[in-house]
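Below is one structure, written out as structure tokens, with a few remarks after it.
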Amino acid sequence: MRATSNLVKTRMRRESAAAGWAPAIDTSSSVPRLRQLYLQLREGILTGALRQGDRLPSTRSASVEWQLSRGAVSEVYETLIAEGYLVGRSGSGTYVTRNIRDGLRGVSSHLGRASVVGPRKISRAVEQATQLSTDFPLQAAFTTGRVAHDERTAVLLKKLAHRHVEQARDGYRDPQGEQGLREAVTAYLTASRGVRCTAAQVFILSGTQQALDLSIRTLLSPGDTALIEDPCYPPARQALVLNGARIVGIPVDEDGMITRTLETYEGPAPALVYVTPSNQYPCGSALSLTRRMQLLAFAQEKGAWIIEDDYDSEFRYEGRPIAALQGLDRHDRVIHVGSFSKALMPGLRVGFMVVPLDLVPAFRAVRPILDRFPASLPQRVVADFLNEGYFPAHLRRLRENYRHSRDLLARLIQEELGEHLIVQLPKQGVHMTVTSTGTWTDDRHLTRIALDEGVVVTPMSPMHIERVECPRLLLGFSGLGDEEAEVAVQRLSKALERR
């Protein structure tokens, strides 16, 4: 038996030598040996180590050499034959095919090399959008948009998910979303936000960003003008740039977008206006009633659409939440956008959008091109959470949690960092802005130093279209525990000392 095995190995080496190349199987690797053999044979063919017409070892020889079953080796050979790399000849053996395109050889050897003709091209819109992007750790202290864990809600969501998990195997669904959730969202928006709509106008999406992208794709053509707040929510600006919009900034103050500047606007008629009226991002101001009416009148006069981003309206710490702009619209010019990401959890990926009834066919036509339809399981879970009355109590707990975090962070900053920072206590939302007392002037530079110290403070200067002289930072306080807040303020203090 041993003599026979040695004879096979000798034949294997002779066959491999004839080809001038043999694969090396790593028995200690976590990659299955069958997969290793496939990848190495294909690599040898692509790089030219195995030449056209070379004969491969027989399955019997290969199985002894690589300690694989003959069936496994046959499977690899058959796969490569099916993909066109090898050809089998009855009674003769398996060979590297002779009609492989010359362009295939050497492909893998060039992977990762810089192109000899210059940088690989991407669209100009993507280049512009990339310049506006920022990328920070998602869970570091002061990151905006974190969500506090609520054990009671987590248990309820798990229970509701288990209820529906078996139904998640169904087929393609309505591109607008599940009827049950659309009706629940309609009831919620009517009662809490003053939105006027029916379920037929509601679209369920994966979050605010997808709603913005879908709205922009549907309502704006490349080269059209879009008016945005200055400063503005960066991802909204990126979405507009990515879709070829010409951006015009409208300044904001303590009453939101300064709409009187629209009276003297002389540029091209805008296709749309993007606004955060209930809680201006990033400044935190609310658009006054007078300005809301001026904006609606401007949109009607110019034939423009208004995208109302109602991103965290649930978290108001003084009085009732401010009613939505859409509820004041008598000419159906407003697209209302919201999300359950901050109110429940970002991982659910459930947002919503209310569009004018006559625009529904256009939005329905575009939606399937992007992602067919929203995932049904999280929709059914959220629908039950709303319909069975859990949401109001959850919001009350979360609101009190965030109010505590807000007040604690503001106090710590005033006590520990008052020499450098002036706190603007927000009436709503999950972040606050801090302004320099004059001891520092470059918010981007301070952001980089703070990141070195382990905290994320967001510079506001990149959010502006026009240059600003007063440096400010954005600090998130949602999901910020007491101990974490104290440590984070100490780290920010070190960053300010290094400024």
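The values are calculated or read from the model by the stated rules, or taken from the named source; none is laboratory data. Because the structure is a prediction, the values reported are computed rather than measured. Neighbour counts run over all protein chains shown; Cβ positions are idealised from the backbone, glycine included.
Could you check, for region 352-362, whether at least one of its residues is at pLDDT 90 or above and either within 20 Å of the chain's Cα centre (by Cα) or on the phi > 0 side of the Ramachandran plot (or both)?
Initial filter on region 352-362 (at pLDDT 90 or above): 352-362.
So of that shortlist, the ones also either within 20 Å of the chain's Cα centre (by Cα) or on the phi > 0 side of the Ramachandran plot (or both) come out as 352-353.
So far as region 352-362 goes, yes, one or more of its residues are at pLDDT 90 or above and either within 20 Å of the chain's Cα centre (by Cα) or on the phi > 0 side of the Ramachandran plot (or both).
Applying the selection to region 208-232, what residues are more than 23 Å from ASP358 (Cα to Cα) and surrounded by fewer than 21 Cβ atoms within 10 Å (Cβ to Cβ)?
The answer is GLY223, ASP230.
Residues in region 181-194: is at least one within 24 Å of MET345 (Cβ to Cβ), part of a loop (DSSP other than H, G, I, E, B) and modelled with pLDDT under 95?
Yes; the residues of region 181-194 include at least one that is within 24 Å of MET345 (Cβ to Cβ), part of a loop (DSSP other than H, G, I, E, B) and modelled with pLDDT under 95.
Please count how many residues of region 297-327 are over 30 Å from ARG472 (Cα atoms) and of a type outside the set (Gly, Ala, Ser).
So the count comes out to 6.
Residues that are within 23 Å of the chain's Cα centre (by Cα), in the same structural domain as ARG217 (by TED's automatic domain parsing), among the hydrophobic types (A, V, I, L, M, F, W, C) and part of a strand (DSSP E or B): does region 274-295 have at least one?
Yes, some residue in region 274-295 is within 23 Å of the chain's Cα centre (by Cα), in the same structural domain as ARG217 (by TED's automatic domain parsing), among the hydrophobic types (A, V, I, L, M, F, W, C) and part of a strand (DSSP E or B).
For region 445-499, what are the residues that are among the hydrophobic types (A, V, I, L, M, F, W, C), modelled with pLDDT of 90 or more and part of a helix (DSSP H, G or I)?
LEU446, ILE449, ALA450, MET463, ALA485, VAL487, ALA488, VAL489, LEU492, ALA495, LEU496, listed by residue number.
Answer yes or no as to whether SER461 is under 29 Å from GLN131 (Cα atoms) and free of Cβ contacts under 8 Å to residues at least 60 places away in the same chain.
yes
Is one or more of the residues making up region 301-311 under 24 Å from ALA191 (Cβ atoms), touching a residue at least 60 places away in the same chain (Cβ under 8 Å), part of a strand (DSSP E or B) and touching a strand residue (DSSP E or B) at 6+ places or on another chain (Cβ under 7 Å)?
Yes, region 301-311 has at least one match.
Any residue in region 263-271 that is closer than 21 Å to GLN428 by Cβ and among the hydroxyl-bearing types (Ser, Thr, Tyr)? Give the steps one after another, and end with the answer.
If we filter region 263-271 for residues that are closer than 21 Å to GLN428 by Cβ, which is where we start, we get none.
Among the residues of region 263-271, not one is closer than 21 Å to GLN428 by Cβ and among the hydroxyl-bearing types (Ser, Thr, Tyr), which makes the answer no.
Out of region 327-358, which residues are out of contact with any Asp or Glu (no Cβ under 8 Å at 6 or more places or on another chain) and assigned to a helix (DSSP H, G or I)?
Quick first cut of region 327-358, residues out of contact with any Asp or Glu (no Cβ under 8 Å at 6 or more places or on another chain) only: 327-331, 333, 339-341, 344-355.
GLY327, LEU328, PRO346, GLY347, LEU348, listed by residue number.
Spot the failing condition for LEU357; the list is (1) touching a residue at least 60 places away in the same chain (Cβ under 8 Å); (2) within 12 Å of GLN176 (Cα to Cα); (3) not hydroxyl-bearing (Ser, Thr, Tyr), and only one is missed.
(2)
Restricting to region 405-424, give me the number of residues that are surrounded by 15 or more Cβ atoms within 10 Å (Cβ to Cβ) and either without any contact (Cβ under 8 Å) to a residue 24 or more places away in the chain or among the hydrophobic types (A, V, I, L, M, F, W, C) (or both).
The total comes to 9.
Is it the case, given these coordinates, that ALA324 is in contact with an Asp or Glu (Cβ under 7 Å, 6 or more places away or on another chain), crowded, with 19+ Cβ neighbours inside 10 Å and either closer than 18 Å to SER192 by Cβ or at pLDDT 90 or above (or both)? Write out each step before concluding.
Numbers: in contact with an Asp or Glu (Cβ under 7 Å, 6 or more places away or on another chain): yes; crowded, with 19+ Cβ neighbours inside 10 Å: yes; either closer than 18 Å to SER192 by Cβ or at pLDDT 90 or above (or both): yes.
Judged against the criteria, ALA324 is a match.
What single numbered condition from (1) among the basic types (Lys, Arg); (2) surrounded by fewer than 20 Cβ atoms within 10 Å (Cβ to Cβ); (3) closer than 22 Å to SER285 by Cα fails to hold for ARG396?
So the condition that ARG396 fails would be (3).
The rows are residues; the columns are (1) more than 20 Å from ALA24 (Cβ to Cβ); (2) surrounded by 19 or more Cβ atoms within 10 Å (Cβ to Cβ); (3) without any contact (Cβ under 8 Å) to a residue 60 or more places away in the chain; (4) not assigned by TED's automatic domain parsing to the domain that holds ALA22.
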position: GLY53; (1), (2), (3), (4): yes, no, yes, no
position: SER63; (1), (2), (3), (4): no, yes, yes, no
position: GLN67; (1), (2), (3), (4): no, no, yes, no
position: GLY71; (1), (2), (3), (4): yes, no, yes, no
position: SER74; (1), (2), (3), (4): yes, no, yes, no
position: THR79; (1), (2), (3), (4): no, no, yes, no
position: TYR85; (1), (2), (3), (4): no, yes, yes, no
position: SER90; (1), (2), (3), (4): yes, no, yes, no
position: THR94; (1), (2), (3), (4): no, yes, yes, no
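Which residues, counting only those in region 283-297, are within 21 Å of SER215 (Cβ to Cβ) and in contact with a Pro (Cβ under 9 Å, 6 or more places away or on another chain)?
Listed by number, the residues that qualify are LEU287, ARG292, LEU295.
Going through region 227-273 one residue at a time, which ones are more than 17 Å from LEU295 (Cα to Cα), small (Gly, Ala, Ser) and not in a helix (DSSP H, G or I)?
GLY244, ALA245
Quick check: anything in region 382-399 of a type in the set (Phe, Trp, Tyr), farther than 30 Å from GLU301 by Cβ and assigned to a loop (DSSP other than H, G, I, E, B)?
Within region 382-399, one or more residues are of a type in the set (Phe, Trp, Tyr), farther than 30 Å from GLU301 by Cβ and assigned to a loop (DSSP other than H, G, I, E, B).
Counting just the residues of region 124-158 that are modelled with pLDDT of 75 or more and among the small types (Gly, Ala, Ser), which one comes out nearest to TYR402 (Cα to Cα)?
Going through the qualifying residues, I end up with ALA148.
Just to be sure I understand the filter: pairs with C-beta atoms under 6 Å, separated by 6 or more residues or on different chains, first member in region 193-207 and farther than 17 Å from LEU370 by Cα, second member of a type in the set (D, E, K, R) and not in a helix (DSSP H, G or I). Which pairs pass?
none
Considering only residues that are touching a Phe, Trp or Tyr at 6+ places or on another chain (Cβ under 8 Å) and either over 15 Å from GLU301 (Cβ atoms) or of a type in the set (Val, Ile, Thr) (or both), which ones fall in region 252-273?
If the condition is that a residue be touching a Phe, Trp or Tyr at 6+ places or on another chain (Cβ under 8 Å) and either over 15 Å from GLU301 (Cβ atoms) or of a type in the set (Val, Ile, Thr) (or both), then THR259, VAL273 are the ones that fit.
Return yes when ASP407 is part of a helix (DSSP H, G or I), more than 21 Å from the chain's Cα centre (by Cα) and closer than 17 Å to ALA154 by Cβ and no when it is not.
Spelling it out, it is not the case that ASP407 is part of a helix (DSSP H, G or I), more than 21 Å from the chain's Cα centre (by Cα) and closer than 17 Å to ALA154 by Cβ.
With the structure loaded, tell me whether ARG397 is within 21 Å of ARG152 (Cα to Cα) and touching a strand residue (DSSP E or B) at 6+ places or on another chain (Cβ under 9 Å) or whether it fails that test.
No; evaluated as a whole, the condition is false for this residue.
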